[in-house]
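Visitor: Below you will find the structure I want to go over with you.
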């Protein structure tokens, strides 16, 4: 906040990596280890980069109460080459993030979009 004498005082500083699967998305996009880069900054005062993106990444989740066209096995068979991580989501986060999630990457953003659409396809 700003004081009457025009000083700025920070009440909170978020000096950590982002939450959810964001650090994984960074790793998979740039093909780096963001945790190692973070450690290098903190311990060695060494900043890496700039990094060049090699892939597009996506997060696609499913909710238990929805009826999907394709099974989990179908998803893995059809798009396993793009899926870099998949896992059940902890119940406390599932309302916002889904009950099960897939993280994907590809050099082709249209192929990635098709895979997400395939994962999300619901029965009528």
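The values are calculated or read from the model by the stated rules, or taken from the named source; none is laboratory data. Being a predicted model, the structure only gives us computed values, none of them experimental. Backbone-built Cβ (ideal geometry, glycine too); neighbour counts: all protein chains shown.
Visitor: Select from segment 94-110 the residues that are touching a residue at least 12 places away in the same chain (Cβ under 8 Å), more than 15 Å from residue 29 (Cα to Cα) and not in a strand (DSSP E or B) and list them in ascending order.
Guide: 94, 97, 98, 99
Visitor: Moving to a separate point now. Select from segment 53-93 the residues that are closer than 16 Å to residue 121 by Cα and touching a residue at least 60 places away in the same chain (Cβ under 8 Å) and list them in ascending order.
Guide: Passing the criteria: only 60.
Visitor: Residues that are in a helix (DSSP H, G or I) and at pLDDT below 95: does segment 65-84 have at least one?
Guide: no
Residues are listed down the side, and each one gets a yes or a no for (1) at pLDDT 95 or above; (2) in a loop (DSSP other than H, G, I, E, B); (3) more than 30 Å from residue 117 (Cβ to Cβ):
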| site | (1), (2), (3) |
| --- | --- |
| 16 | no, yes, yes |
| 23 | no, no, no |
| 28 | yes, no, no |
| 41 | no, no, yes |
| 47 | no, yes, yes |
| 50 | no, yes, yes |
